[in-house]
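*Asks:* If you scroll down you'll find the structure; I have some questions about it.
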Amino acid sequence: MSGPRSPDAIGPEEGPDDVDTGGFDRDAALDGVDHEVLDAIRGLCQSVDPVPRELYARVRFALDLDGVERELAKICAGLEVSGAVRGPEHTRTITFECGQLTIAITITPTGTNRNRIDGWLEPAGSLLVELRSARLCTQIVSDDCGRFAFNDIGPGEMQLTALPTPGSAIKLDRTVVTQPIVL
Amino acid sequence: MGSQPGSRDTVGSHPTPSPARDVAVPPEELRRRQLGRMLLRARAGDRRALDEIVDRLMPLVWNVARAQGLDSESAADVVQASWVTLLEHLSDIRSPEALAGWLITVTRREARKVRDGLRRVELGEPAAFTDLPDPSTDLEEWVADRDQYYCLWRNLRKLSARCQELLRIVAFVDRPNYTAVSEKLGMPRGGVGPTRGRCLTKLRSLLAADPTWSRT
């Protein structure tokens, strides 16, 4: 705990004698057995109660959302349409809405854990639309009628972003992101 | 990495150590300096550095939340919220110790709030290892340390809830941070001694008296 130190660093005051210790002999009070016991506790917790693997992706996803000036389009309608003839497959229609834009999407399962997403924008127009998931970030430009589609999207959390696009009939004053949904 | 000019930890005013001294620096201190560099980069807006910090400190944050007696799902929500809160306050945090301490404080506070909201009357006082799965049934027989873990688990559960929490968190802190974190958890200044007296020494004597504990 010597070395870099700033006013908000927590810890005991350091005297001049501590400067060259690198901080580690401060722990002289901990002997080898203490370290072994603490290491064993760490091993025990990691064995029986590890950090869920998906939590890393979830946290990164949440952090990516933050810090960008944006308008959140919230889910205002969700409709589950059961594909009766195709067994367990479902088509979902979800509408996201904010002051500037409405984004409606239909999610259709296309195979093992894959989905096709068809969407349209209201008002209609050509915008850069981005689909973001933990594994993927892909962009497409909607057509003049505001339609767009993403193919072969895997399961998990995902989110759409519509970006201000020069020359578009839709004038966004800032980026629109949808509430994340889980496929 | 440590020998690249300009990449050194410059969080504070301590002079840059010479490369020759690096050789003698223990791994924990190297890890600490590495974390300091990640923090600097993250504060400058480097997203990859923030992800590296998440990778490094996630086990600590997870165990802080779980040590408050939260189920996995609630703990995951709290952990996610802590990281988002960290991003908002990144510019206030200037050292690796402060970073770990800050995460512990925020996660612990939020986890307690959630726990108290969820707590039903019939639940007793939660303790870090009381809620931890029994390694003798949870782990496969071939896991090398299973018997040792079981022994440790049994003895940890004999400690007070306060000691269980402290040891579970401290086990996930880089050891040079140990003192700082003990203080964050409400232990007195220079808290290693008292901490060890109350929790670690107690555990050590329990283990020493347990014939199935074979570590020395």
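*Asks:* So which residues in the range A:131-151 are of a type in the set (D, E, K, R) and at pLDDT 90 or above?
*Replies:* A:D143, A:D144, A:R147
*Asks:* Here are some residues: A:T106, A:T95, A:T110. Which one is part of a strand (DSSP E or B), β-branched (V, I, T) and open to solvent by 40 Å² or more (accessible area, probe 1.4 Å)?
*Replies:* Answer to the check: A:T110.
*Asks:* On to the next question. If I filter the range A:136-163 down to residues being part of a loop (DSSP other than H, G, I, E, B) and without any contact (Cβ under 8 Å) to a residue 24 or more places away in the chain, which single residue comes out as farthest from A:T93 (Cα to Cα)?
*Replies:* By that ranking, first place goes to A:L136.
*Asks:* Oh, and also: Test each condition in (1) under 30 Å from B:P133 (Cα atoms); (2) modelled with pLDDT of 90 or more for B:L40 and report the one that comes out false.
*Replies:* Here B:L40 meets the rest and fails (1).
*Asks:* Also, quick follow-up: Restricting attention to the range B:1-37, and to residues there that are within 30 Å of A:P52 (Cβ to Cβ) and surrounded by 20 or more Cβ atoms within 10 Å (Cβ to Cβ), which single residue is modelled with the lowest pLDDT?
*Replies:* It comes out as B:R32.
*Asks:* Counting only residues that are in a loop (DSSP other than H, G, I, E, B) and open to solvent by less than 10 Å² (accessible area, probe 1.4 Å), which one in the range B:78-118 is nearest to the other protein chains (Cβ to nearest Cβ)?
*Replies:* The qualifying residue nearest to the other protein chains (Cβ to nearest Cβ) is B:S95.
*Asks:* OK, next. If you check A:E13 against the conditions, is it at pLDDT below 85, within 14 Å of another protein chain (Cβ to nearest Cβ), open to solvent by 40 Å² or more (accessible area, probe 1.4 Å) and out of contact with any helix residue (DSSP H, G or I) (no Cβ under 7 Å at 6 or more places or on another chain)?
*Replies:* yes
*Asks:* Among the residues of the range B:58-70, count how many are open to solvent by 20 Å² or more (accessible area, probe 1.4 Å) and within 11 Å of chain A (Cβ to nearest Cβ).
*Replies:* 2
*Asks:* Out of the helices (runs of 4 or more DSSP H) lying entirely within the range B:122-216, which hold 2 or more residues that are at pLDDT below 85?
*Replies:* Ranges flagged: B:135-138, B:178-184, B:192-195.
*Asks:* Give me a count of the residues in the range A:122-135 that are under 30 Å from A:V59 (Cβ atoms) and assigned to a strand (DSSP E or B).
*Replies:* Counting residues in the range A:122-135 that are under 30 Å from A:V59 (Cβ atoms) and assigned to a strand (DSSP E or B) gives 6.
The values are calculated or read from the model by the stated rules, or taken from the named source; none is laboratory data. Everything quoted here is computed from the prediction, not taken from an experiment. Cβ coordinates were reconstructed from backbone atoms using ideal geometry, including for glycine residues, and neighbour counts include every protein chain displayed. To get the accessible areas, we keep the full protein, side chains included, count just its heavy atoms, and leave off ligands, DNA and RNA. Shrake-Rupley method; radii C 1.70, N 1.55, O 1.52, S 1.80 Å.
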